[in-house]
Amino acid sequence: MGLEEPYHSIHKSMQFQRRAIVQKIDVVTHNQIAWDNQSKQAISPWVQPVSSEEIAAAKKGEWQVILTPTKSVPRDWFGDMSNKTLLGLASGGGQQVPIFAAAGAIVTSFDNSPEQLAKDKLVAEREGLKIAYEQGDMADLSRFSDETFDLIFHPVSNVFSEEIVPVWRHCARILKSGGRLLSGFMNPDFFMFNHDEIDQGGPLSVCYALPFSDLDELSNEQIMKRQAEGDALEFSHSLQTQIGGQTDAGLLLAGFYEDKWDSEITPLNDYMPTSMATLAIKP
């Protein structure tokens, strides 16, 4: 027996014990409450509604949006937006969805957080835009019929879903032939590090095996603290499930780029891209 085997056995045993304790946690509900709180606090850049000036510019065809923290999505990823049916998937917050509506798309905003949907509604009512709203889990799009949308815009958010293969399968099903899925997601390597310790001046050292799950790696006390403070639970996903999951669902990869955060947010920014984005097309 190698030295690593007892470690892995103990680690797996600890994970199992933690799972047994936290199995009653409803991740979807927990993260809904967490994002409602974040939206109300209005601190995160993902909860800041766009201005009237940005909407006016979008109506003239002058607009840009992000799938990842900083880099704008190439405009040719969208094609012609006029009268195209578009689903903003986990894209609430009064940002991208109102821009798409102003640019001429027929838009549905789908988000787990009612408060984030309220931000979209706030901008729509302020600017006279037409947007449909749906609240729910990104991994369950069963309410939508096959081949409903021309575009799906899914900014970096599947970190808050335990499973993402169902997300890609649903997206492939509800896209029309020739439809486009634009997705942003975290670099899975980001989750090998303990960012709470780094934020407090700790070393930049590998702590966790991948794929990472808050339910497996956090102590019981840390998970209870997340619940008490309303912080979202997070999960990494392998590139096999992020990119391979899209191609396995029948989509064709047509575009890719990487992005970084600000170095003040994470020192990892100096060493690697922290997020990436894909364009996939349904044949």
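Annotations for the structure displayed:
- Among the conditions (1) of a type in the set (D, E); (2) modelled with pLDDT under 90; (3) farther than 26 Å from L182 by Cα, D262 misses just one, which is (3).
- Residues satisfying the stated conditions in the range 247-276, i.e. among the β-branched types (V, I, T) and either surrounded by fewer than 17 Cβ atoms within 10 Å (Cβ to Cβ) or in a strand (DSSP E or B) (or both): T247, I265
- Residues that are buried (at least 23 other Cβ atoms within 10 Å of the Cβ) and under 11 Å from A209 (Cα atoms), drawn from the range 179-197: F191
- Contact annotation: residue pairs with Cβ atoms under 7 Å, 6 or more positions apart or on different chains, pairing a residue in the range 153-178 that is under 18 Å from F256 (Cβ atoms) with a partner that is in a loop (DSSP other than H, G, I, E, B) and among the β-branched types (V, I, T), are V156/T68; N158/I164.
- Counted residues, the range 104-124 - those being within 19 Å of F78 (Cβ to Cβ) and in a strand (DSSP E or B): 5
- Of residues in the range 222-246 being under 17 Å from the mean Cα position of the chain (by Cα) and charged (D, E, K, R), the one surrounded by the fewest Cβ atoms within 10 Å (Cβ to Cβ): D231
- Only a single item in (1) modelled with pLDDT of 95 or more; (2) of a type outside the set (S, T, N, Q); (3) in a loop (DSSP other than H, G, I, E, B) is not met by D76, and it is number (3).
- Selection status of Q240, more than 24 Å from Q38 (Cβ to Cβ), touching a residue at least 60 places away in the same chain (Cβ under 8 Å) and in a helix (DSSP H, G or I): no
- Yes/no for L279 being closer than 20 Å to G88 by Cα and either surrounded by fewer than 18 Cβ atoms within 10 Å (Cβ to Cβ) or within 16 Å of the chain's Cα centre (by Cα) (or both): yes
- Filtered residues of the range 98-116 (kept if closer than 17 Å to S51 by Cα and crowded, with 24+ Cβ neighbours inside 10 Å): P98, I99, F100, A101, A102, Q116
- Residue check, A228 within 23 Å of S113 (Cα to Cα) and not in a loop (DSSP other than H, G, I, E, B): yes
- Pairing each residue of the range 247-259 that is closer than 14 Å to W77 by Cβ and in contact (Cβ under 8 Å) with a residue 24 or more places away in the chain with any residue that is assigned to a strand (DSSP E or B) and among the charged types (D, E, K, R), provided the two are 6+ apart or on different chains, yields C-beta distances under 9 Å for A254/R180.
- Only one of V167, V156 that is closer than 13 Å to Q242 by Cβ, among the aliphatic types (A, V, I, L, M) and in a loop (DSSP other than H, G, I, E, B): V156
- Only a single item in (1) under 19 Å from the mean Cα position of the chain (by Cα); (2) surrounded by 14 or more Cβ atoms within 10 Å (Cβ to Cβ) is not met by E217, and it is number (1).
- Considering the conditions (1) touching a residue at least 40 places away in the same chain (Cβ under 8 Å); (2) touching a Gly at 6+ places or on another chain (Cβ under 6 Å), S109 is excluded by exactly one of them, (1).
- Pairing each residue of the range 197-224 that is closer than 23 Å to P267 by Cα with any residue that is in a helix (DSSP H, G or I) and of a type in the set (S, T, N, Q), provided the two are 6+ apart or on different chains, yields C-beta distances under 9 Å for P211/T241; S213/Q15; D214/Q222; E217/Q15.
The values are calculated or read from the model by the stated rules, or taken from the named source; none is laboratory data. Just so you know, these numbers come straight off a predicted model, no measurement behind them. So basically every Cβ, Gly included, is an ideal-geometry build from the backbone, and we count neighbours across all protein chains shown.
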